[in-house]
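Quick notes on the structure that follows.
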Amino acid sequence: MATHHPPPRPADGAPISFLGRLRRHVGVVPDRAISARTARVRPRIAGAAVTASICPYCAVGCSQLVYHRDGKVIDIEGNYASPINQGTLCPKGAATYQLVDNPNRLLTVRYRAPHSDHWEEKPLDWAMARIATLVKETRDRTWEATDADGHVVNRTRAIAHLGGATLDNEENYLIKKLFAGLGMVWIENQARI
Ligand code: SF4
């Protein structure tokens with residue numbers, strides 16, 4: 001059988017008002033539950049211009065909102081208006097801002113000579129000439145016009161390409177086009193699809 005408890009009464013014995021009872025049950029909610037400092041704080045994208053763009057990485061083609069101020073990108077997030085990603089981004093796409101602005105990014109060529117234990121800084125022209133020379137020499141030396149059964153293959157299996165996570169769609173297109181044209185067959189990339 002249910003037990004009925006009479007409503008609590010204040011110390012002087014007077015009945016508790018309806019509002020007093022409500023306060024005891026649901027608590028008191030102030031109309032401004034924020035500090036003055038919090039009220040002054042603004043998000044870093046407040047007042048920034050925004051441009052809709054496309055994630056540079058893979059063929060899913062997620063849309064991004066690029067926030068910028070005074071010619072500088074300040075944030076990149078998923079575009080909620082896109083029917084493809086509806087505001088979401090995968091971890092790689094969500095880190096796109098670090099591709100634009102990253103103090104850890106190397107801006108000069110680093111070269112480690114065979115058997116060396118340290119990296120050297122080299123001019124870009126030096127690196128481009130060395131890569132071109134070694135690709136030409138290796139391709140000429142290892143070229144296979146036909147396979148063991150006499151089929152025409154026109155390839156070299158002595159050069160491979162392993163792409164990095166920050167390669168974008170355009171770079172991958174050019175890499176595939178160049179290296180396939182050179183007769184390379186081992187071309188790989190870290191990509192979604
Ligand atoms: S890398 Fe991720 S965020 Fe970018 S397009 Fe592909 S799935 Fe979308």
Result of the Cβ filter at 6 Å on the range 33-55, keeping first residues that are of a type outside the set (Lys, Arg) and partners that are in a strand (DSSP E or B) and away from the ligand (no atom under 16 Å from the Cβ), at least 6 apart or interchain, is Ile45/Tyr67; Ala48/Tyr67; Ala48/Arg69; Ala48/Ile74; Ala49/His68; Val50/Tyr67
Just to verify a result, which residue in the range 95-144, among those that are at pLDDT 95 or above and either within 16 Å of the ligand (Cβ to nearest atom) or of a type in the set (Lys, Arg) (or both), is surrounded by the most Cβ atoms within 10 Å (Cβ to Cβ)?
Arg139
Evaluate the range 146-169: report whether one residue or more is part of a helix (DSSP H, G or I) and either under 29 Å from Gly61 (Cα atoms) or in the same structural domain as Ile54 (by TED's automatic domain parsing) (or both).
yes
Can you tell me which residue in the range 151-183 is surrounded by the fewest Cβ atoms within 10 Å (Cβ to Cβ), limited to those that are without any contact (Cβ under 8 Å) to a residue 60 or more places away in the chain and hydroxyl-bearing (Ser, Thr, Tyr)?
Tyr173
Of everything in the range 64-91 that's more than 15 Å from Ser53 (Cβ to Cβ), surrounded by 13 or more Cβ atoms within 10 Å (Cβ to Cβ) and within 11 Å of the ligand (Cβ to nearest atom), which residue is modelled with the lowest pLDDT?
Cys90
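The values are calculated or read from the model by the stated rules, or taken from the named source; none is laboratory data. The shown structure was predicted, so the numbers you read here are calculated from the model rather than taken from an experiment. Cβ sites come from the backbone with ideal geometry, for glycine too, and all protein chains shown count toward neighbours.
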